[in-house]
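Novice: Quick one: structure below, then a few questions.
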Amino acid sequence: MKCPKCGENLSYLKHYESGEMKFHVSLDEHGDAEYDEQDFSSNMTTHDFECPYCQAVLTTEESEAKKLLQEEVKISKIQIGDKLV
Ligand SMILES: [Zn+2]
């Protein structure tokens with residue numbers, strides 16, 4: 001896909017999501033706190049899919065982001081086909 005804002009070719013999008021991270025905290029052998037990541041729960045305040053080049057928010061829906069990324073897959077398949085011909 002091409003970014004509609006800056007025209008760069010995109011093979012991935014940047015995703016920003018707000019919410020809470022859950023850790024298990026314990027002490028290691030030196031008495032330092034150790035954080036063991038357990039879980040992330042989104043609060044859906046920020047759920048942006050952005051262009052990695054110009055940071056434009058292209059969508060906030062995962063289904064829409066998938067569609068945008070699938071366009072790239074289709075284009076790649078056509079290019080592979082051209083090489084075979
Ligand atoms: Zn862009």
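Novice: I need the peptides 46-58, 9-21 ranked by packing, meaning the mean over residues of other C-beta atoms within 10 angstrom, with the highest value on top. Present the calculation step by step, with values, prior to reporting the outcome.
Specialist: On the way: 46-58: 15.8, 9-21: 12.6.
The densest-packed peptide leads the list: 46-58, 9-21.
Novice: Would you kindly state how much longer the chain becomes between Ser11 and Thr45 on full extension, computed as 0.36 nm times their sequence separation minus their alpha carbon distance, in nm to one decimal? Working shown, then result.
Specialist: Values: separation 34, 0.36 × 34 = 12.24 nm, distance 2.56 nm.
Additional length available on full extension: 9.7 nm.
Here, each number is a calculation from the coordinates, and none is a lab measurement. It should be emphasised that the depicted structure is a prediction, and the values quoted were computed from it without experimental measurement. With ideal geometry, Cβ positions are generated from the backbone for all residues, glycine too; neighbour counts draw on all protein chains shown.
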